[in-house]
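Remarks on the structure that follows.
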Amino acid sequence: MKNKILITTPIYYVNDKPHWGHAYTTVAADVLTRFFRAQGNEVFFLTGIDEHGAKVAESAEKLGKNPKTLCDENSEAYKFAWQKLGIAYDHFIRTTDKIHEERVVEFLKALKDKNAVYEKEYEGLYCVGCEKFLTEKDLVDNKCPDHKTEPKKIAEKNYFFKLTEYLDKIEKLVSKDELLIQPETAKKEVLGLFKQGLEDFSISRQKEKVKWGIDLPFSENQTVYVWVDALLNYYTGNGTKEFDAYWEKGEVVHILGKDILKFHAIFWPAMLLAAGKNIPKREFIHGFFTIDGQKMSKTLGNVIDSNEIVDKFGVDATRYLLLSQFPFGQDGDVKKEKFIERYNSDLANGLGNLVARVSTLANKHNVKDGKSEKEIGKRIKGIKETYDKDMQGFRLFEALEEVWKLIGFCDKYIEENKPWQIAEKKKLEIVLSNLLYCLSEIADLIAPFLPETSEKIKNQLKIGKSEILFPRIDKDKTI
Ligand code: MSP
């Protein structure tokens, strides 16, 4: 059955420029969009930036800029990076968009009307880097373990959302997979959070402390808490009726990193339930990149810039380098120096070399049509079935492995059959025809991951001219 599917990435904090980690989520979402669309589904791909809150305001102040100016500049940086990576989103949302601000106000009014919010004095430890309250238990040496800064003590009268009233319902939805949290480790983590106990959370901040935000519709001196504002981006989208239909009649799929699991798997569905809306169908939580064993951070100076990698390796190779490092859903370490090795072995010598060898031979002997013999057809069918299951399960790394198995199979087939030595025309034609068939299947399978390369291969097969897809890169070249 064909479905309407809304695929989202988190909206990224605009105080900083995009990096390898943001690129990872965005490319993965792009690959899944392309895959589900090719299967005949109607897919809407939403991404964007998170512009309000103390973190963005403080960064702008440090730079001596107005927050909106910083947002405008960095929003261009995100759009530029995504364009370089071949990301074909349907809408790029900014939380300063008028339509978004209106929808946030409308949603918060609905929460108030449904009696899901109340006012309370609160005192807590706030980490601006995380844009959330931390408890003493979360701290290491009195500091936020992620940002290595001491959280600020805040005492304010704010509006709170009655999260606790929805916890039982969400726990059931998660355990029954009606709100599917994947992979299983993430689901376990969410279920563990219910056991630890969760409290109502504040949905507003005093305007005198956080001015850079959307005005709370029912209190003059407060702005909307940045996470509430941000989560609602998924509900605003491009603000059209066509978009709303994805929430009303479709499947909503969120893709996100493990750092923001609680907000997405618990707070967000609770807010939606309270407002009488549908909840997401599926959330896929991926792991984190570390660089040489360390967290990627500006302070450590080890941030990988995806623009730079695209300039060195090309767009498709960068997409491949992002997704072929470790399984989607697990953490992994990357070494930039290893990119050249991986590029040369898998793309230049692997896929690129296979396409060049086959198309050169096919051109030389004027073989045009790909047709597989029974055994090879069976082999490909098996690979495609596993690939399909992997893609449906968002196991992008494993799906790529299947494609590379087929590439390996072709290389072996060439070595065994030695087409350059075959004298008998008919036999040579059968061998080359089998290989052409495999290539056209490979071109289809890589299409969501390497869209340009897929087109180039299809074109080469059609016009019978070969072109180098991935030129080898000198391994001593610095990157
Ligand atoms: N603005 C919030 C999200 C609001 S969504 C309603 C936020 N933004 S962020 O800029 O910090 O981006 C977080 C996301 O970026 C992570 O969830 C993850 O998808 C991605 N990554 C950031 N660093 C990463 C790595 N080092 N590795 C992999 N992904 C990472 O949180």
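Which members of the range 35-61 meet the condition of being assigned to a loop (DSSP other than H, G, I, E, B), of a type outside the set (Asp, Glu) and under 30 Å from LEU216 (Cβ atoms)? Reasoning before the result, please.
Let us first name the residues in the range 35-61 that are assigned to a loop (DSSP other than H, G, I, E, B), namely 39-41, 51-53.
From the residues that got through so far, the ones that are of a type outside the set (Asp, Glu) too are 39-41, 52-53.
Matches in the range 35-61: HIS52, GLY53.
With (1) among the aliphatic types (A, V, I, L, M); (2) within 16 Å of the ligand (Cβ to nearest atom); (3) within 27 Å of ASP90 (Cβ to Cβ) as the list, and VAL190 as the residue in question, which single condition is left unmet?
Failed condition: (3).
A quick yes/no check of all residues on (1) touching a helix residue (DSSP H, G or I) at 6+ places or on another chain (Cβ under 8 Å); (2) at pLDDT 95 or above; (3) closer than 30 Å to GLU189 by Cα:
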residue: ASN344; (1), (2), (3): no, yes, no
residue: LEU351; (1), (2), (3): yes, yes, no
residue: VAL367; (1), (2), (3): yes, no, no
residue: GLY370; (1), (2), (3): yes, no, no
residue: ILE380; (1), (2), (3): yes, yes, no
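Report yes if ASP168 is within 16 Å of the ligand (Cβ to nearest atom), of a type in the set (Asp, Glu) and in a helix (DSSP H, G or I), otherwise no. Show your work before the answer.
Details: within 16 Å of the ligand (Cβ to nearest atom): no; of a type in the set (Asp, Glu): yes; in a helix (DSSP H, G or I): yes.
Considered against the rule, which asks whether it is within 16 Å of the ligand (Cβ to nearest atom), of a type in the set (Asp, Glu) and in a helix (DSSP H, G or I), ASP168 comes out as no.
Take the range 128-159 and flag every residue that is under 27 Å from LYS112 (Cα atoms), in a strand (DSSP E or B) and not charged (D, E, K, R).
Within the range 128-159, PHE133, LEU134, ILE154, ALA155, ASN158, TYR159 meet the criteria.
Taking into account only those residues within the range 233-276 that are part of a helix (DSSP H, G or I) and touching an Asp or Glu at 6+ places or on another chain (Cβ under 7 Å), which is farthest from the ligand (Cβ to nearest atom)? Write out each step before concluding.
Filtering the range 233-276 for residues part of a helix (DSSP H, G or I) gives 233-236, 241-249, 258-274.
From what is left, the residues that are touching an Asp or Glu at 6+ places or on another chain (Cβ under 7 Å) are 261, 264-265.
Working: LEU261: 9, HIS264: 7, ALA265: 12 Å.
Step by step, filter the range 233-276, then rank; the result is ALA265.
So which residues in the range 456-479 are closer than 22 Å to ASN366 by Cα and touching a helix residue (DSSP H, G or I) at 6+ places or on another chain (Cβ under 8 Å)? Full working, then the answer.
Step one: of the range 456-479, the residues closer than 22 Å to ASN366 by Cα are 456-469.
Listed by number, the residues that qualify are ILE457, LYS458, GLN460, LEU461, GLY464, LYS465, SER466, GLU467, ILE468, LEU469.
So, in the range 9-62, of the ones that are within 25 Å of TRP247 (Cβ to Cβ) and acidic (Asp, Glu), which residue ends up farthest from the ligand (Cβ to nearest atom)?
GLU42
Would you pick out the residues in the range 118-138 that are touching a residue at least 40 places away in the same chain (Cβ under 8 Å), in contact with an Asp or Glu (Cβ under 9 Å, 6 or more places away or on another chain) and not basic (Lys, Arg)?
If the condition is that a residue be touching a residue at least 40 places away in the same chain (Cβ under 8 Å), in contact with an Asp or Glu (Cβ under 9 Å, 6 or more places away or on another chain) and not basic (Lys, Arg), then TYR118, TYR122, VAL128, GLY129, GLU131 are the ones that fit.
Is there any pair with a first residue in the range 257-277 that is closer than 14 Å to TYR235 by Cα and a second that is assigned to a strand (DSSP E or B) and within 13 Å of the ligand (Cβ to nearest atom) whose Cβ atoms are under 6 Å apart and which are 6 or more apart or on different chains, and what are they?
Final answer for the pair search is HIS264/HIS254; HIS264/LEU256; HIS264/GLU283.
Can you tell me which residue within the range 256-278, out of those that are out of contact with any strand residue (DSSP E or B) (no Cβ under 7 Å at 6 or more places or on another chain), within 26 Å of HIS22 (Cβ to Cβ) and surrounded by fewer than 17 Cβ atoms within 10 Å (Cβ to Cβ), is modelled with the highest pLDDT?
Checked the range 256-278; the qualifying residue modelled with the highest pLDDT is LYS262.
Being surrounded by fewer than 17 Cβ atoms within 10 Å (Cβ to Cβ) and in a helix (DSSP H, G or I) is the filter here; which residues of the range 85-104 pass it?
LYS98, ILE99, GLU102
Cβ-Cβ under 8 Å, sequence separation 6+ or interchain: first residue in the range 284-310 and free of Cβ contacts under 8 Å to residues at least 12 places away in the same chain and assigned to a loop (DSSP other than H, G, I, E, B), partner more than 10 Å from the ligand (Cβ to nearest atom) and of a type outside the set (D, E, K, R). Which pairs?
LEU300/GLN294; ASN302/GLN294
List pairs: first residue in the range 15-29 and within 21 Å of HIS52 (Cα to Cα), second residue charged (D, E, K, R) and near the ligand (Cβ under 9 Å from one of its atoms) anywhere in the structure, Cβ distance under 6 angstrom, at least six positions apart or on different chains.
ASN15/LYS55
What is the residue count in the range 284-318 for residues that are at pLDDT 90 or above, surrounded by fewer than 17 Cβ atoms within 10 Å (Cβ to Cβ), within 14 Å of the ligand (Cβ to nearest atom) and under 16 Å from LYS338 (Cβ atoms)?
Residues that pass the stated criteria total 1.
Pick from the range 182-214 the residues that are free of Cβ contacts under 8 Å to residues at least 40 places away in the same chain and in a loop (DSSP other than H, G, I, E, B): which of them is nearest to TYR122 (Cα to Cα)?
Residue satisfying both the conditions and the ranking: GLU199.
Looking only at the range 373-407, filter to residues that are of a type outside the set (Phe, Trp, Tyr) and outside any helix (DSSP H, G or I); which one of those is farthest from ILE7 (Cα to Cα)? Spell out how you get there, then give the answer.
Kept after step one, since they are of a type outside the set (Phe, Trp, Tyr), are these residues of the range 373-407: 373-386, 388-393, 395-396, 398-403, 405-407.
Among the residues that remain, those that are also outside any helix (DSSP H, G or I) are: 373, 393, 395.
Working: GLU373: 39, GLY393: 14, ARG395: 16 Å.
For the range 373-407, the residue satisfying everything is GLU373.
Can you tell me how many residues within the range 326-339 are touching a Gly at 6+ places or on another chain (Cβ under 7 Å) and crowded, with 19+ Cβ neighbours inside 10 Å? Before the answer, list the steps.
The initial filter retains those residues of the range 326-339 that are touching a Gly at 6+ places or on another chain (Cβ under 7 Å), namely 326, 329-333.
Filter again for crowded, with 19+ Cβ neighbours inside 10 Å, leaving 329.
Total satisfying the criteria: 1.
So, in the range 335-351, how many residues would count as being over 27 Å from GLN39 (Cβ atoms) and assigned to a helix (DSSP H, G or I)? Steps first, please.
If we filter the range 335-351 for residues that are over 27 Å from GLN39 (Cβ atoms), which is where we start, we get 335-345, 348-349.
Right, trim to assigned to a helix (DSSP H, G or I) and you get 338-345, 348-349.
Of the residues in that region, 10 qualify.
Among the residues of the range 215-232, which ones are in a loop (DSSP other than H, G, I, E, B), touching an Asp or Glu at 6+ places or on another chain (Cβ under 9 Å) and surrounded by fewer than 24 Cβ atoms within 10 Å (Cβ to Cβ)?
PRO217, SER219, ASN221 - these are the residues of the range 215-232 that are in a loop (DSSP other than H, G, I, E, B), touching an Asp or Glu at 6+ places or on another chain (Cβ under 9 Å) and surrounded by fewer than 24 Cβ atoms within 10 Å (Cβ to Cβ).
The values are calculated or read from the model by the stated rules, or taken from the named source; none is laboratory data. All values reported here derive from a predicted model rather than from experimental measurement. Using ideal geometry, Cβ is built from the backbone for each residue, glycine included, and neighbour counts are taken over all protein chains shown.
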